[in-house]
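Coordinate-derived values only; no laboratory data. Please read all numbers here as calculations on a predicted model, not as lab measurements. Please note: Cβ atoms are built from the backbone with ideal geometry, for glycine as well, and neighbour counts cover all protein chains shown.
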């Protein structure tokens with residue numbers, strides 16, 4: 001199940017080789033495909049590569065470039081050694097994404113009978129849950145249960161719990177005691193609502209069958225609303241796990257379970273970011289004005305002198321914890337004596353903070369986090385976390401490279417094999433950029449919302465919709481001959497994007513390897529598990545670590 005462990009020396013050597021590879025091909029990994037024509041990206045490739053690449057069919061791009069498992073490579077022509085080395089090195093330095101002996105494009109076997117319902121997950125845990133999430137919560141839940149057995153813990157803290165799908169499986173399905181933290185109060189309410197629905201269904205089925213489907217040790221999960229601040233101490237994190245003062249047992253919406261008292265005045269809440277079972281409250285950070293400072297927010301304060309933070313030991317988990325949240329949880333795991341083990345499934349690498357880009361687009365910080373112009377210490381960035389990677393020359397990863405590392409490479413490979421019409425989308429956007437740059441150079445690189453089913457539209461219609469979205473006249477004249485000439489280069493656009501996508505697993509590997517090295521520097525060994533089927537769950541790696549007893 002687990003990947004082979006790498007020694008500390010092997011981890012560092014691999015990180016060194018990865019930074020060397022990515023720095024050598026930074027012009028590819030950092031390029032934006034929308035600039036393919038406007039920046040003439042094709043001619044930035046080595047001259048010796050261009051003839052070999054431009055004659056590839058879509059099937060050959062999938063087989064010869066992107067598929068690391070394809071051993072039967074029949075080249076249409078002689079490839080230059082530098083291109084062969086590029087492809088081989090990129091594959092060799094990326095962690096294997098599939099734990100199965102043979103890669104397949106179909107859904108996992110558990111969906112063989114019904115593509116929408118996992119045959120391995122009880123129907124009470126499938127309600128409101130998409131197939132991808134069904135697959136993830138079952139496999140991760142069993143792994144968390146295994147770690148609880150190894151550490152002797154029955155307590156789990158699920159951070160970034162969303163609607164609580166994983167939590168319900170851990171609590172009602174596996175008999176664990178779970179506390180959740182979720183920043184979106186609306187999702188907290190939904191999680192509690194779904195808990196009640198599940199309990200109602202269980203009661204109905206028990207009445208019908210005369211036996212309970214629940215484990216003997218089951219308990220209802222405790223849902224908390226709050227930020228896990230990347231700048232907070234582990235003591236503050238533990239403090240967030242405690243229910244607020246004033247909870248009671250008479251919430252009419254959730255009989256027999258604790259909830260907040262009704263809000264009489266904002267001063268009666270100790271913190272706006274930790275609302276326990278607030279089913280009847282609609283609380284958002286902006287509802288509490290400037291009076292809520294770092295001194296009053298439990299997610300921001302540091303440890304207080306002579307205060308004991310007692311808490312049962314627990315296993316920490318985060319399923320697709322976004323951006324810096326995954327790094328923050330790893331830091332709490334290292335420093336907090338109560339966290340015995342962790343399972344970390346990361347996502348949204350582009351939202352990770354770095355020294356070069358401390359506030360990337362989409363990064364959400366606690367309202368009391370210092371302003372963007374205040375420089376963070378190296379220990380607070382999402383990447384790199386380890387001292388070793390920080391010290392490597394050219395270790396930097398751009399926003400574009402990290403964003404591309406979140407792409408579903410298996411999905412794109414299948415599109416190539418299917419000759420999907422969706423492959424023209426990158427070419428369309430790159431063509432539109434040419435006309436935008438010609439008309440208004442100051443409006444280059446403007447983001448446009450996804451145009452639905454753009455691959456089914458003629459380019460002229462796509463351009464009309466896209467130009468309007470960037471504030472340009474939708475009836476802008478387009479030279480038909482030029483449009484046709486650009487469309488003929490769609491194959492080159494696909495090849496170039498595939499080259500950049502080939503580096504994406506290496507970028508992801510470096511981010512995750514940096515975290516493994518960080519744990520090793522702090523005396524904790526870890527393993528990386530390709531737990532999920534990558535065809536259904538592209539971010540399929542789970543970083544697993546346990547602390548030694550005592």
**Message:** Give me the percent relative contact order of the stretch 66-205, please, defined on Cα pairs under 8 angstrom at least 6 residues apart.
**Reply:** 16 percent
**Message:** Using 0.36 nm times the number of residues separating residue 448 and residue 488, minus their current alpha carbon distance, what extension gain do you get?
**Reply:** 12.0 nm
**Message:** Can you give the FRET efficiency to the nearest 0.05 for residue 460 and residue 419, using r as the Cβ-Cβ distance and R₀ = 25 Å?
**Reply:** 0.60
**Residue-span extension gain [residue 9 to residue 26] - 0.36 nm each, minus C-alpha spacing** = 3.6 nm
**Request:** Rank by packing, highest mean first: peptides 509-518, 396-405, 351-360, with packing defined as the count of other Cβ atoms within 10 Å averaged across residues.
**Result:** 509-518, 396-405, 351-360
**Prompt:** Between residue 481 and residue 75, what is the spin-label point distance in nm, taking each point 7 Å from the Cα along the Cα→C-beta axis?
**Reply:** 3.8 nm
**Message:** I need the peptides 199-209, 335-345, 498-508, 146-156 ranked by packing, meaning the mean over residues of other C-beta atoms within 10 angstrom, with the highest value on top.
**Reply:** 498-508, 335-345, 146-156, 199-209
**Request:** Take each of the peptides 119-132, 21-34, 525-538, average the number of other beta-carbon atoms within 10 Å over its residues, and list them starting from the highest.
**Result:** 525-538, 21-34, 119-132
**Item:** Relative contact order of the stretch 105-155, defined on C-alpha pairs under 8 angstrom at six or more residues apart (%)
**Value:** 22 percent
